[in-house]
1. What pairs come out if I take residues in region 264-287 that are on the phi > 0 side of the Ramachandran plot and pair them with residues that are crowded, with 16+ Cβ neighbours inside 10 Å and modelled with pLDDT of 95 or more whose C-beta lies under 8 Å away, six or more apart or interchain?
2. Does any residue in region 194-205 that is in contact (Cβ under 8 Å) with a residue 12 or more places away in the chain come within less than 7 Å, Cβ to Cβ, of a residue that is among the hydroxyl-bearing types (Ser, Thr, Tyr) six or more places away or on a different chain, and which pairs are these?
3. Six or more apart or on different chains, Cβ under 6 Å: which pairs go from a residue in region 147-161 that's among the hydrophobic types (A, V, I, L, M, F, W, C) to one that's exposed (fewer than 12 other Cβ atoms within 10 Å of the Cβ) and part of a helix (DSSP H, G or I)? Could you list them?
4. Condition check: hydrophobic (A, V, I, L, M, F, W, C), touching a strand residue (DSSP E or B) at 6+ places or on another chain (Cβ under 8 Å), buried (at least 19 other Cβ atoms within 10 Å of the Cβ) and not in a helix (DSSP H, G or I). Does residue 64 satisfy that?
5. Quick one: which of 137, 181 is of a type in the set (S, T, N, Q), more than 18 Å from residue 259 (Cβ to Cβ) and not in a helix (DSSP H, G or I)?
6. Find the residue count for region 67-82, including only residues that are touching a residue at least 40 places away in the same chain (Cβ under 8 Å) and part of a helix (DSSP H, G or I).
7. Within the set of pairs 6 or more residues apart or between chains, which connect a residue that is farther than 18 Å from residue 25 by Cβ inside region 175-187 to a residue that is assigned to a helix (DSSP H, G or I) and charged (D, E, K, R) with Cβ atoms less than 6 Å apart?
8. Filter region 44-58 down to residues that are under 17 Å from residue 93 (Cα atoms) and touching a Leu at 6+ places or on another chain (Cβ under 8 Å), then give me how many there are.
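The values are calculated or read from the model by the stated rules, or taken from the named source; none is laboratory data. Owing to the predicted nature of the structure, the values given are computational and were not obtained by experimental measurement. When we count neighbours, we look across all protein chains shown, and the Cβ atoms used for this are built from the backbone with ideal geometry, even at glycine.
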Amino acid sequence: MFVIAGVTGNTGAVVADTLLAAKAPVRVIVRDAAKGAAWRAKGAEVAIADLADVPALTAALRGAQGAYLLVPPRPTAAEPLADNRAVAAALAAAVAAARVPHVVLLSSIAAHQPDGTGPIVSVHVAEKLLAEVTQLTAVRAAYFMENWAGALGMLAQGALPTFIPRGLVIPMVATKDIGKTAAAALLEGPRGDARIELAGPRDYSADDVAAALTKLTGRPVAAADAPLDAVVPTFTSFGLSPAFAGLFREMYAGLISGRVVWQGGAARAIRGQVDIADVLGPIVAGR
């Protein structure tokens with residue numbers, strides 16, 4: 001039995017669907033029973049639990065041969081890192097209590113860094129806590145391609161504002177590739193404490209993203225650098241907390257300075273198959 005968290009989001013849904021397609025037994029974790037109905041119809045068991053509720057999560061994990069877990073972002077939290085540390089501690093406590101032999105964790109590029117990486121610090125903590133209680137496979141994902149959806153507000157004007165400098169090429173990955181890689185890791189089973197560094201088929205710059213948008217829309221789109229000082233006011237205008245917005249400013253600064261990079265070493269480097277245009281196409285079509 002594989003237990004999957006995050007099925008109401010992008011990566012967890014792909015993990016569960018991939019495993020079900022492989023005829024593997026799946027139990028999904030949801031907070032709302034109504035959101036489990038569709039998964040039950042697909043043949044999955046459904047467990048009701050909040051990821052911070054250790055007793056409920058322990059019950060949901062009991063009997064699992066492997067579990068896919070994540071630390072969900074807290075975009076409106078006044079203290080997002082403290083909240084995420086509490087969730088990470090709850091995950092580790094429940095995994096230990098349920099004696100889950102293998103966990104695949106949604107982690108991030110630069111998770112080896114203890115600080116200076118913004119929200120990535122949360123998965124640095126989660127990796128450490130989970131590795132103490134089980135065999136861990138950390139899927140360290142690159143910058144999500146889907147993050148560009150939030151920068152399309154000026155698409156009609158032919159502009160793509162970016163906090164990642166135009167000429168800076170960085171690894172990016174689609175959530176579909178994350179889900180498929182995590183499902184494969186669960187089916188493969190534990191390999192000790194393992195790290196997967198996951199990126200898309202190639203690395204991209206903001207100019208590459210703008211070029212993809214130009215082809216998709218049939219109109220010229222140009223990337224436009226935005227200053228880091230604009231990160232916090234921009235994000236808070238969308239309803240995010242100042243603390244959460246500040247973490248993203250730190251992450252963007254880390255991308256620019258070279259702190260947010262792969263660890264390398266013994267990690268397995270995997271390239272996904274989904275191109276940036278494959279991700280942006282449905283987003284643009286739905287606008």
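1. 264/197
2. Here the result reads 194/137; 196/137; 196/181; 198/181, each pair linking region 194-205 to a residue that is among the hydroxyl-bearing types (Ser, Thr, Tyr).
3. none
4. In short, yes.
5. Details: 181 fails: not in a helix (DSSP H, G or I).
After applying the criteria, what remains is 137.
6. 2
7. 175/146
8. 4
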